[in-house]
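Since the structure comes first, as structure tokens, the remarks are kept for the end.
Please treat every number below as a calculation from the coordinates, not as lab data. Only a predicted model underlies this, so the values are computations on that prediction, with no experimental measurement involved. When we count neighbours, we look across all protein chains shown, and the Cβ atoms used for this are built from the backbone with ideal geometry, even at glycine.
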Amino acid sequence: MKPDLVATHRAFKMAVAEDARKFANQDPAFSQNPKLVLETALQKTRSDSLLNVSYSKFVANLVAGDAPDFDAALSTFTLLAGELIAGLE
């Protein structure tokens, strides 16, 4: 793990643990195995056809100037999210 990401990983782990505790009654599956739930959700982002449409609307409405195309943005997101999720116990 890159040294500059150590604090990010630590903060992510703490946030996930807190959410698992805080929302245990609302989402027991997340409370019991947050890593599996997050991995499943990340997998779904790769096949969600509506995500491209949502991203395009977001970029058109809120981003000034050039923005990465959807495939580049999704690739970066899934790489970073995957690294954070992989660091969970």
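R0 = 41 Å: FRET efficiency of residue 63 with residue 13, Cβ-based, nearest 0.05?
0.85
Angle between the Cα long axis of helix 34-47 and the longest principal axis of the chain, 0 to 90 degrees, nearest 10?
Result, in degrees: 20.
To test your reading of the geometry: what angle, between 0 and 90 degrees and rounded to tens, separates the Cα axis of helix 49-62 from the longest principal axis of the chain?
Once rounded, one gets 70 degrees.
Would you kindly derive the ³J(HN,Hα) couplings of the range 14-25 from the backbone phi angles with the Karplus curve 6.51 cos²θ - 1.76 cosθ + 1.60 (θ = phi - 60°), listing them in order in whole Hz, with x for Gly and Pro?
In residue order, the calculated couplings are 5, 5, 5, 4, 5, 5, 4, 6, 5, 10, 4, 6 Hz.
Would you kindly state how much longer the chain becomes between residue 42 and residue 6 on full extension, computed as 0.36 nm times their sequence separation minus their alpha carbon distance, in nm to one decimal?
Answer, rounded to one decimal: 10.8 nm.
Stretch residue 29-residue 83 to full length: gain in nm at 0.36 nm per residue minus the Cα-Cα span?
17.3 nm
Evaluate the Debye formula for the range 3-86 with equal point scatterers sitting on the alpha carbons, no solvent, and hand back log10 of I(q)/I(0) at q = 0.25, 0.27 Å⁻¹, in q order, two decimals.
Here the Debye-derived log intensity ratios amount to -1.13, -1.18.
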